[in-house]
Amino acid sequence: MLTVTGNDTVTSIKIGGTAVNATNYTVVGDKVTLKKSYLGGLTVGEKTFSLLTGATTLTVVVTVEDTTA
């Protein structure tokens, strides 16, 4: 879960310039949650997400790891 501070509301999320389907995350107030099923479908490694708001774009780097081994 990520917390966005200030008066900005996340309106969409992109990864590598491609929009993430809104069914893969939730935004409630200032909290953004990427769904486990979505993260589980990503390849292992660092992923750069862009959180778009009405005023700015926030960049977040997430490390995806394989925890099943």
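The values are calculated or read from the model by the stated rules, or taken from the named source; none is laboratory data. Since the structure is predicted, the reported quantities are computational estimates derived from the model, not experimental observations. Don't worry about glycine lacking a Cβ; one is built from the backbone with ideal geometry, like all the others, and counts go over all protein chains shown. Remember, those area values only see protein heavy atoms, side chains included, never the ligands or the DNA or RNA. Shrake-Rupley method; radii C 1.70, N 1.55, O 1.52, S 1.80 Å.
For segment 28-53, filtering for residues that are open to solvent by 80 Å² or more (accessible area, probe 1.4 Å) and either closer than 15 Å to Gly16 by Cα or in contact with an Asp or Glu (Cβ under 8 Å, 6 or more places away or on another chain) (or both) leaves 3. Residue by residue through segment 38-69, note down the ones that are under 13 Å from the mean Cα position of the chain (by Cα) and among the polar types (S, T, N, Q). The answer is Thr48, Ser50, Thr53, Thr57, Thr59, Thr63.
Mind listing whichever residues of segment 54-69 are closer than 15 Å to Gly16 by Cα and among the hydrophobic types (A, V, I, L, M, F, W, C)?
Filtering segment 54-69 for residues closer than 15 Å to Gly16 by Cα gives 57-64.
Scanning segment 54-69 gives Leu58, Val60, Val61, Val62, Val64.
Filter segment 36-69 down to residues that are aliphatic (A, V, I, L, M), free of Cβ contacts under 8 Å to residues at least 40 places away in the same chain and outside any strand (DSSP E or B) and give me whichever is nearest to Thr26 (Cα to Cα).
Within segment 36-69, the first condition is being aliphatic (A, V, I, L, M), and the residues that meet it are 39, 42, 44, 51-52, 55, 58, 60-62, 64, 69.
If we keep only those that are free of Cβ contacts under 8 Å to residues at least 40 places away in the same chain too, we end up with 39, 42, 44, 61-62, 64, 69.
Then keep just the ones that are outside any strand (DSSP E or B); that gives 39, 42, 44, 69.
Working: Leu39: 13, Leu42: 18, Val44: 22, Ala69: 28 Å.
Looking at the filtered set, the residue picked out is Leu39.
Look at Thr23 and say whether it is surrounded by fewer than 11 Cβ atoms within 10 Å (Cβ to Cβ) and part of a helix (DSSP H, G or I).
Working: surrounded by fewer than 11 Cβ atoms within 10 Å (Cβ to Cβ): yes; part of a helix (DSSP H, G or I): yes.
Answer is yes for this residue.
Of everything in segment 3-41, what is among the polar types (S, T, N, Q), at pLDDT below 90 and in contact with a strand residue (DSSP E or B) (Cβ under 8 Å, 6 or more places away or on another chain)? Give them in sequence order. If the condition is that a residue be among the polar types (S, T, N, Q), at pLDDT below 90 and in contact with a strand residue (DSSP E or B) (Cβ under 8 Å, 6 or more places away or on another chain), then Thr3, Thr9 are the ones that fit.
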